1. Given a 1.4 angstrom probe, I'd like the percentage of the accessible area of the chain that is carbon and sulfur, rounded to a whole number.
2. Using only the Cα atoms of the chain, construct the convex hull and provide its projected area averaged over every direction, in square nanometres to one decimal.
3. Give me the tail of P(r) for region 330-477 as a percent: Cα-Cα pairs with distance above 20 Å.
4. How large is the direction-averaged shadow of the alpha-carbon convex hull of region 214-370, in nm²?
5. Write down the Kirkwood hydrodynamic radius of region 1-93, to one decimal in angstroms, obtained as one divided by the mean of 1/r over all alpha carbon pairs.
6. Please report Rg over Rh for region 77-139, where both radii come from the alpha carbon positions and Rh follows the Kirkwood definition.
7. So which aspartates and glutamates can residue 168 reach, going by Cα to Cα under 13 Å and dropping same-chain residues fewer than 8 places off?
8. List the GluC sites (Glu not before Pro) within region 184-288 that DSSP assigns to loop and that have no more than 11 neighbouring Cβ atoms inside 10 Å.
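The values are calculated or read from the model by the stated rules, or taken from the named source; none is laboratory data. Computed from a prediction, not measured in an experiment: that's the story for all the values here. Heads up, the Cβs are rebuilt from the backbone with ideal geometry, glycines too, and the neighbour counts pull from every protein chain shown. Areas reflect the complete protein model, heavy atoms only, side chains present, ligands, DNA and RNA absent. Shrake-Rupley method; radii C 1.70, N 1.55, O 1.52, S 1.80 Å.
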Amino acid sequence: MKVRGNKRLQCGESVNDPKTIEEVMKLINEFLRRVEKHKGVLLSESVTPFDKTINELDTWLTSMEEKAKENNDPTIAELRKAMIEAAKKMIELVRQAREKWLRTYRRELEELIEKLRRGEATIIMRGEPFNENESFIIYIYTEHLTIRMHKMAKEKGITMAIALKKLKGIHVITPNTLKNNISKAIRYGLLLTDGSVIQNRPEMSTVYLWQSIIWALAWSNKVYIHIDNVNINNDIKVKLCLVSINNKVKDKIKIVRKILNMNEKDFLIFLLAAVFGDGNIDIEKRRVRLTIGDSKYETWGNITKRLRECGFDEDDKKDVKVFEIRSFKAVALAQRWLNNQEVATIIKDLSALPDGEKLRNLIMLANIRVKQKGRWSISIIDSISMNVHVRQDGSVELRTNRKSFEDAKAIWEKLRGANYEAELSKQGKKFVVYMNMSTIKKYPELVIKVCEVLKRMREEATKAMRRLNCPAQGPWA
């Protein structure tokens with residue numbers, strides 16, 4: 001039960017049910033197994049959970065300080081200086097935690113393990129141990145530690161963490177080095193995925209150093225950073241919590257309205273930041289994927305419509321909605337992201353951190369050469385292309401197909417909004433947005449693009465006829 005004025009829970013009543021006790025002991029035994037697995041880091045007198053983070057930041061800082069001297073562009077120089085200063089503050093924070101771990105936290109962890117083995121520890125449970133749709137959490141407290149073991153709902157596994165009490169945070173003062181529209185787009189992308197709003201202040205917890213630095217850059221001014229906990233899962237990872245002090249947000253609904261009013265370029269930067277949060281970049285499958293949990297989907301609202309307009313396909317999976325873009329479209333999207341000098345600098349510099357795999361994947365994806373499937377297509381407006389279709393009577397149509405009516409209607413509305421007289425109809429199982437020849441002729445810029453495609457069609461057809469030794473006929477001979 002919660003106690004007023006105290007963040008820690010207290011026992012409400014004793015639990016005597018043997019089955020419940022058995023479930024608790026399963027979690028305790030798993031905790032002891034993980035501690036044993038990582039005892040070289042958790043229980044050592046010289047090594048700590050913070051050493052890896054310190055070494056990674058220290059190495060990156062050394063290389064970045066050399067790199068910062070090489071560039072004469074004042075905008076890029078200021079951006080790199082801000083990243084370096086944020087990293088220096090982070091390393092200062094983690095070093096303080098290391099000292100206190102060796103002095104206080106490790107000793108208490110050792111004592112707790114002995115109590116658990118003797119059955120002397122007080123364990124507080126919360127949730128439903130036998131309901132698959134509900135989380136089950138147990139807590140163990142020492143003077144300076146909180147052990148949290150979380151059996152997640154719907155068979156999503158077990159996470160464990162050690163929170164550290166009486167460990168001070170640190171303030172990072174970051175100047176406004178990014179253009180206002182870029183910083184806002186990145187802010188909103190992180191906030192709607194990995195971020196949250198607590199007492200009108202935007203905050204985010206993450207185990208990724210690169211993501212922490214991006215958050216400090218985007219929210220700028222004063223950001224408070226403290227160590228949230230030490231994760232004990234497959235690896236030992238330090239989780240940082242970052243809170244924006246100077247920027248207040250009442251709720252995410254207002255943020256959504258601002259996102260919907262963004263122009264195409266700013267929306268793409270927002271989308272990149274969202275992929276940084278809840279996304280995945282797969283080089284082998286040449287795919288960019290964004291996963292939105294059912295609980296967040298309603299908040300996103302019409303933003304999902306804009307995702308579909310950008311070429312993302314939506315798939316409804318268990319408990320989540322998955323938006324995915326593949327092949328040459330994914331490569332083209334990655335290239336557009338890196339076309340922005342400031343964004344490209346951040347991505348390329350932070351990709352040098354060991355945990356920057358997602359950033360490295362983005363760079364590799366942008367450098368992939370793919371044969372565009374839609375080589376008979378032309379770009380109409382940003383994010384919308386249509387295929388050139390030659391009919392048997394020699395007339396030409398521009399067409400694009402979608403599986404769902406909503407996706408097709410969104411494209412049709414966007415074309416109409418740009419003053420193109422497109423039509424929408426259902427053909428078989430698909431919905432088709434199209435412009436016939438008489439409509440195409442109304443737009444000289446479309447006529448030029450269509451003619452270029454028709455010329456390529458003729459050139460490729462001519463080569464194929466020659467290789468097949470087709471009989472010479474007509475003007476194509």
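1. Details: 11900 of 25660 Å².
Here carbon and sulfur together make up 46 percent of the probe-accessible area.
2. On the way: hull surface 120.4 nm².
Here the figure is 30.1 nm², rounded to one decimal.
3. So the portion of pairs separated by more than 20 Å is 63 percent.
4. On the way: hull surface 42.5 nm².
Taking the Cα atoms of region 214-370, their convex hull projects to 10.6 nm² on average.
5. Numbers: mean 1/r = 0.0549 Å⁻¹.
One decimal place: 18.2 Å for the Kirkwood radius.
6. Values: Rg = 20.1 Å, Rh = 15.8 Å.
Rounded to two decimals, Rg/Rh equals 1.28.
7. Straight-distance partners of residue 168: 92, 99, 228.
8. Working: sites: 203, 264, 284; in loops: 284.
Taking region 184-288 and a limit of 11 other Cβ atoms within 10 Å, the loop GluC sites (Glu not before Pro) found are 284.
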